[in-house]
Amino acid sequence: MIVSVPSATLRTLDLPQVTLRRPVQAEGTGVHTGHACRVTIEPAGPDAGIVFGDADGSFRLSASRWIAAARCTMVGDGRLCVQTVEHLLAALSGLMIDNVRIMVDGPEVPILDGSAQPWVDRILEAGTVELDAPAVAYVIREPVAVECGEARAAAAPHAALALSVTTEYQHPMLGKQTYTAELTRDAFIRDLAPARTFALAEEVEHVLARGLARGADLSNTLLVYADHYSDALRVDDECLKHKVLDVLGDLCVLGRRLHATITVHKPGHAVNAQLVQRLAGLGCDPLI
Ligand SMILES: [Zn+2]
């Protein structure tokens, strides 16, 4: 008899689970739909995970809730669908928050200023509380890798979450850039949270012609021209760091804290999604 051993496991950490002290709310435009949207993030108890809901029901975030979408991350359960969740999820992940209910009114999470900063500001202002239950991490035991066109993503065993992300553009302002760091709360707040959504100026017409980015404007998107940006950068390599922010938000769809070294070359939501599906299929349900 062949016994297959799961190549991932859940590890109980020497840290408590964390939730919000009180609800936080934000409203604004959805960058893709252009619709007005409101989100309220509410505290949740131990082992609740990250739950999306509206007046009619809810679902717990997991890899099986990922819905393929162009240029954003969408999750849903067949009834309730929420677009552009990645910056909010990155904020929760970067601030090491395990349990919340995200109540949505509208089809999309509002883009706000295009970064995770407005979520971080609201969450830090509300405060967090430690719950009477240990945090749990999803830990892989062997390396995995996926490819999607020219994009590649891999995960290797590691005792915390480390990210190495390389972007490569045939563009004089961007070129090839790499960010490598172990994820800590402080590094997230300082380096990644402020990094805004960006678009290459030459691509903007094409994106709008496809009916995408109906809510995009210079208040939520940094435009990259051949020799300048539309605004002063908030952090060095802001475009690269925004891509790291997106990777972090997308990894959060797994539904658990993840301990692994993640390496992504030419990141995008499609390859990030494939990596999350591969990680979720290692024989250990991340949500047990
Ligand atoms: Zn983004």
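The values are calculated or read from the model by the stated rules, or taken from the named source; none is laboratory data. Source: prediction; values computed, not measured. Glycine also receives a Cβ, built like all others from the backbone with ideal geometry; neighbour counts cover every protein chain displayed.
Values as computed for the structure displayed
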| item | result |
| --- | --- |
| Gly268, sole failed condition from (1) surrounded by 18 or more Cβ atoms within 10 Å (Cβ to Cβ); (2) of a type in the set (Gly, Ala, Ser); (3) away from the ligand (no atom under 12 Å from the Cβ) | (3) |
| The stretch 114-127, residues that are surrounded by fewer than 24 Cβ atoms within 10 Å (Cβ to Cβ) and either away from the ligand (no atom under 16 Å from the Cβ) or of a type in the set (A, V, I, L, M) (or both) | Val120, Asp121, Arg122, Ile123, Leu124, Glu125, Ala126, Gly127 |
| Hits in the stretch 78-113 (condition: in contact with a helix residue (DSSP H, G or I) (Cβ under 9 Å, 6 or more places away or on another chain), within 15 Å of the ligand (Cβ to nearest atom) and outside any loop (DSSP other than H, G, I, E, B)) | Glu86, His87, Leu88, Leu89, Ala90, Ala91, Leu92, Ser93, Gly94 |
| Considering residues of the stretch 57-77 that are of a type in the set (Lys, Arg) and touching a helix residue (DSSP H, G or I) at 6+ places or on another chain (Cβ under 8 Å) only, the residue nearest to the ligand (Cβ to nearest atom) | Arg71 |
| Criterion: over 20 Å from Pro110 (Cβ atoms) and in contact with a strand residue (DSSP E or B) (Cβ under 7 Å, 6 or more places away or on another chain) - qualifying residue of Ala226, Ala155, Ala209, Ala232 | Ala155 |
| Hits in the stretch 197-235 (condition: in contact with a His (Cβ under 9 Å, 6 or more places away or on another chain) and more than 21 Å from Val85 (Cα to Cα)) | Leu200, Glu202, Val224, Ala226 |
| Number of the condition not met by Leu212 [criteria: (1) closer than 23 Å to Trp66 by Cα; (2) touching a Phe, Trp or Tyr at 6+ places or on another chain (Cβ under 8 Å); (3) of a type in the set (A, V, I, L, M, F, W, C)] | (2) |
| Residue count, the stretch 202-231 (criterion: hydrophobic (A, V, I, L, M, F, W, C), surrounded by 11 or more Cβ atoms within 10 Å (Cβ to Cβ) and within 18 Å of Thr33 (Cβ to Cβ)) | 6 |
| Qualifying residue in the stretch 101-108 (condition: within 15 Å of the chain's Cα centre (by Cα), buried (at least 23 other Cβ atoms within 10 Å of the Cβ), of a type in the set (Asp, Glu) and more than 15 Å from Gly215 (Cα to Cα)) | no |
| So Val31, is it modelled with pLDDT of 95 or more, buried (at least 20 other Cβ atoms within 10 Å of the Cβ) and under 30 Å from Asp217 (Cβ atoms) | no |
| Hey, Leu112 within 15 Å of the chain's Cα centre (by Cα) and either at pLDDT below 95 or closer than 23 Å to Arg21 by Cα (or both) or not | no |
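To keep it simple, each residue is scored yes or no on (1) among the β-branched types (Val, Ile, Thr); (2) over 23 Å from Leu88 (Cα atoms).
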| residue | (1), (2) |
| --- | --- |
| Pro118 | no, no |
| Arg122 | no, no |
| Thr128 | yes, no |
| Ala137 | no, no |
| Ala151 | no, yes |
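Table: residues versus (1) of a type in the set (A, V, I, L, M); (2) farther than 27 Å from Thr19 by Cα.
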site: Asp132; (1), (2): no, no
site: Ala135; (1), (2): yes, no
site: Glu147; (1), (2): no, yes
site: Ala151; (1), (2): yes, yes
site: Tyr169; (1), (2): no, yes
site: Met173; (1), (2): yes, yes
site: Lys176; (1), (2): no, yes
site: Asp186; (1), (2): no, no
